[in-house]
Amino acid sequence: MGQSRGACDGPAPVRVTAIASLTPLEELETDPFLVDSRTQHAMCARWAAEHGYVIARELLLGGLRFDHSALWDDVRPGVDVFVAPSRRVLARALSSVEEFTAECARRGVRVETVGRAEPSYDAQMKARVHRRLSMPTAGYDGR
């Protein structure tokens, strides 16, 4: 049983789970946005901040089933929101967007998309993404 909140505490903050797609580096040339999970999460963070919400979790998923426990651990109806940059990202991150959205509705959890245009990637941006993803253990942070 959860803790009760006092009358002065106000409503619980809306917690956001940001979903990004786990897409192989080999797809960088053909679809850099789906590979660039950092930018996907940044878009979700901006969306959350604009709505006064708090990012509680960042998930990096590739074809995950809608009922996998990693999605639902500690998710509270009416308090939590799943957000992804676009339906296209959700389609790559989850095995079925339709089953996932139906499960969210059944559990009383909102699903949102940022709804902004994806960035255009030039050669320099692709190179930064490539370096960041190909050298994570070397301490390179992508800047």
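The values are calculated or read from the model by the stated rules, or taken from the named source; none is laboratory data. Being a predicted model, the structure only gives us computed values, none of them experimental. We place every Cβ from the backbone using ideal geometry, glycine too, and count neighbours over all the protein chains shown. Accessible surface is based on the protein model in full, side chains and every heavy atom, while ligands, DNA and RNA are left aside. Shrake-Rupley method; radii C 1.70, N 1.55, O 1.52, S 1.80 Å.
Here are a few candidate values for Rg/Rh (Cα atoms, Kirkwood Rh): (1) 1.00; (2) 1.11; (3) 1.02. Which one was actually calculated from the structure I just gave you?
(3)
How large a share of the accessible area of the chain, in percent, is made up of carbon and sulfur atoms when the probe is 1.4 Å and the other protein chains stay in place?
52
What is the dipole size for the chain, taken about its Cα centre, with +1 at each Lys and Arg Cβ and -1 at each Asp and Glu Cβ, in debye to the nearest 20?
The calculated dipole for the chain is roughly 280 debye.
Ignoring ligands, DNA and RNA, what accessible area per residue does region 12-143 give at 1.4 Å, in Å²?
Value returned for region 12-143: 53 Å² of accessible area per residue.
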